[in-house]
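Taking it in order: structure first as structure tokens, then the write-up.
The values are calculated or read from the model by the stated rules, or taken from the named source; none is laboratory data. The structure displayed is predicted, hence computed values, not measured ones. Counting neighbours? That spans all protein chains shown, and the Cβs are built from the backbone with ideal geometry, glycine included. Please note that ligands, DNA and RNA were not included when accessible areas were found on the heavy atoms of the full protein model with its side chains. Shrake-Rupley method; radii C 1.70, N 1.55, O 1.52, S 1.80 Å.
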Amino acid sequence: MIRILLHAVITALGLWLAAEFVPGVEVLSTGSLIAAAVLLGIVNALIRPVLTFVTFPLTVITFGLFLLVVNAAMIGLVAMMLSGFEVTGLWPGIGAAVVTGVVSWIAGIVLGETRKD
């Protein structure tokens with residue numbers, strides 16, 4: 001349970017940094033930020049694996065870069081569901097995906113998370 005909350009906090013931090021540094025990404029309130037982080041976690045757990053599987057040929061052709069578009073689509077989907085979280089297009093979505101990905105990567109290094117396969 002603590003791990004899920006920690007991931008939500010890290011995602012919220014990434015989304016907040018994206019809103020600060022990426023033009024076209026806007027968070028209107030703290031409540032919207034928290035809701036966006038939780039909803040992004042749910043969307044990433046349920047919809048992203050299916051979309052990643054379906055777009056696998058494009059991902060292979062682009063050497064994995066299409067996953068940025070998939071991540072941007074997940075962030076855009078969350079923005080469509082929440083009124084207090086706005087992403088104005090594909091490029092801001094990709095920027096937000098890069099920022100949240102880098103924040104998650106750094107948090108994984110700092111916290112010493114290891115993946116169990």
Practice task
Output yes when any residue across region 28-40 is free of Cβ contacts under 8 Å to residues at least 60 places away in the same chain, open to solvent by less than 80 Å² (accessible area, probe 1.4 Å), under 17 Å from Ala72 (Cβ atoms) and in contact with a His (Cβ under 8 Å, 6 or more places away or on another chain), and no when none is.
Solution key: no
Practice task
Scan Leu82, Leu15, Leu58 and give me the residue that is among the aliphatic types (A, V, I, L, M), over 21 Å from Gly108 (Cβ atoms) and either open to solvent by 70 Å² or more (accessible area, probe 1.4 Å) or at pLDDT 95 or above (or both).
Solution key: Leu58
Completion exercise
Of Ile34, Ile75, Ile47, Ile61, the only residue that is of a type in the set (A, V, I, L, M, F, W, C) and in contact with a strand residue (DSSP E or B) (Cβ under 7 Å, 6 or more places away or on another chain) is Ile75
Practice task
Taking the options Leu90, Leu46, Leu65, name whichever one is touching a helix residue (DSSP H, G or I) at 6+ places or on another chain (Cβ under 7 Å), without any contact (Cβ under 8 Å) to a residue 24 or more places away in the chain and open to solvent by 80 Å² or more (accessible area, probe 1.4 Å).
Solution key: Leu90
